[in-house]
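Structure, as structure tokens:
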Amino acid sequence: MKLLFLGTGGSEVKLVPECEVTGEYRRATSMLIDENVVVDLGIQSFDFATKLGAKTDGITDIFLSHTHRDHYMKQALLGYLSVAKCKIDLWCPEVSAQAIAQSLSEEELEKVTVHPVKPLDRWEAGGLSILALPANHTDPNTVHYVFEKDGKRLYYGLDGMWFAPLEWRWLFRGAPLDAAIIDATFVCENPRRFGKLDGHNNIITLPAIRDFMRATGVARPDTVLLASHVAPQPDEAEEWFRRLEEMGYLPTYDGFVFEV
Ligand SMILES: [Zn+2]
Ligand SMILES: [Zn+2]
């Protein structure tokens, strides 16, 4: 699986169109898997993918973790629908499916089918085997995903703090992960932001997650822990990178490419 990170900002990200993104500010959450799958639809997702020269007309499947505004904006979906060569399957938490479908016109619904997802659902789509997991996040309907393809297992854990009990059980029962995308929102020690601790990881939970995943075999020693969903302001970017690397995480950024 080839991952292209289209947006790695979190929580305090500016929800502005791609043409207004300036400087070091990170974009809202989104990621491309190979040339046909999008995970989360941050507002700049389609326009930034286009700017990077990514192929955007072959998308078959889009997966949403939840509908907080930094993960779903309708205009990003409309961007992908505007160039789609085939009808797209949109997979999203059960409670959001009806609202998303109702927000689309008849013409738009000819280009996308909205599917409700429940935690612990397993299915095949877009060349992937998928397992949906419950998340420990402020939106209780958030789902995380385990994506499998060509014998590789990827965990997508945005947004969340630590693990929900059932999520952990299913990760523990499964084969070791090859890579895991972990919510790394509160890494810099601005007490105001760090003090929130509300459904996102921080500098206390991140090392504990690393140790817990490795000690239990959910992660092997060579499993890559990718850090994303970043809160810091641009002037904290270097500090964020340094701290995460010290903790054994691979920091991501907008436009970052990683092969699982
Ligand atoms: Zn978020
Ligand atoms: Zn969220």
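How large is Rg/Rh for region 20-174, to two decimals, with Cα atoms and a Kirkwood Rh? Write out the running numbers ahead of the final one.
Values: Rg = 15.1 Å, Rh = 15.9 Å.
Radius of gyration over Kirkwood radius for region 20-174 works out to 0.95.
Taking the Cα-to-Cβ direction at T113 and at E12 and moving 7 Å from each Cα, how far apart do the two end points lie in nm?
Going from the T113 label point to the E12 one covers 4.3 nm.
What is the gain in length, in nm to one decimal, between E35 and E239 on full extension, counting 0.36 nm per residue of separation less the C-alpha to C-alpha distance? All intermediate terms of the calculation are to be shown ahead of the outcome.
On the way: separation 204, 0.36 × 204 = 73.44 nm, distance 3.27 nm.
Length difference between fully extended and current span is 70.2 nm.
Check which residues have an amide H placed less than 5 Å from R153's amide H, if you skip close sequence neighbours.
D178, A179
Tell me, which longest segment in the chain has none of the trypsin sites (Lys or Arg not before Pro) that fall in DSSP loops with at most 11 further Cβ atoms within 10 Å? Please list the in-between numbers first.
Working: sites that count: R69, K85.
Excluding the exposed sites themselves, the longest stretch runs over 86-260.
Could you work out [θ]222 nm for the chain from helices alone, using -39500 (n - 2.57) per DSSP H run of at least four and dividing by all its residues? Round to the nearest 500 deg cm²/dmol.
Working: 8 runs with 64 residues, N = 260.
Taking each H run of at least 4 residues, the total per residue is -6500 deg cm²/dmol.
Can you give the extra length, in nm with one decimal, that the chain gains between D57 and D150 once fully stretched, where that is 0.36 nm per residue apart less the Cα-Cα distance?
Values: separation 93, 0.36 × 93 = 33.48 nm, distance 2.31 nm.
Full extension from D57 to D150 adds 31.2 nm.
Near the amide H of A125, under 5 Å away, which other amide H atoms are found, from residues 5 or more places off or on another chain, if H is placed in the peptide plane?
For A125, whose amide H was placed from the backbone, the distant partners under 5 Å are I130.
As an exercise, use a Förster radius of 30 Å and the Cβ-Cβ distance of A125 and D211 to find the FRET efficiency, rounded to the nearest 0.05.
Given R0 = 30 Å and the Cβ-Cβ separation, E is 0.35.
Which whole-Hz ³J(HN,Hα) couplings does region 23-38 yield from phi under the Karplus relation 6.51 cos²θ - 1.76 cosθ + 1.60, θ = phi - 60°, glycine and proline marked x?
Result, rounded to whole Hz: x, 8, 5, 7, 8, 6, 4, 5, 8, 9, 10, 6, 10, 9, 10, 10.
Considering amide H positions built from the backbone, and no H for Pro or chain starts, which residues 5 or more places from V230, or on another chain, come under 5 Å of its amide H?
G9, G10
Compute the length gained on full extension between C19 and T138: take 0.36 nm times their separation in residues and subtract their Cα-Cα distance, giving the result in nm to one decimal.
39.8 nm
May I ask which of K2/K55; K85/K149; K51/K152 have a Cα-Cα span longer than 18 Å here? Don't skip to the answer; put the middle values down first.
Values: K2/K55 13 Å; K85/K149 23 Å; K51/K152 29 Å.
Result: K85/K149; K51/K152 exceed 18 Å.
Could I have the simple spin-label model distance between F172 and D222, label points 7 Å from Cα toward Cβ, reported in nm to one decimal?
If labels sit at F172 and D222, their model points lie 2.7 nm apart.
Could you give each residue of region 98-115 its phi-based ³J(HN,Hα) in whole Hz, using Karplus coefficients 6.51, -1.76, 1.60 with θ = phi - 60°, and x for Gly or Pro?
Those phi angles translate into 5, 5, 5, 4, 5, 7, 9, 6, 4, 5, 5, 5, 6, 9, 8, 10, 9, 10 Hz.
Karplus couplings for region 17-22 from phi (6.51 cos²θ - 1.76 cosθ + 1.60, θ = phi - 60°), rounded to Hz, Gly and Pro as x?
x, 3, 5, 9, 6, 10
Values in this text are rule-based calculations from the coordinates and carry no lab data. No experiment lies behind these values; they were computed from the predicted model shown. So basically every Cβ, Gly included, is an ideal-geometry build from the backbone, and we count neighbours across all protein chains shown.
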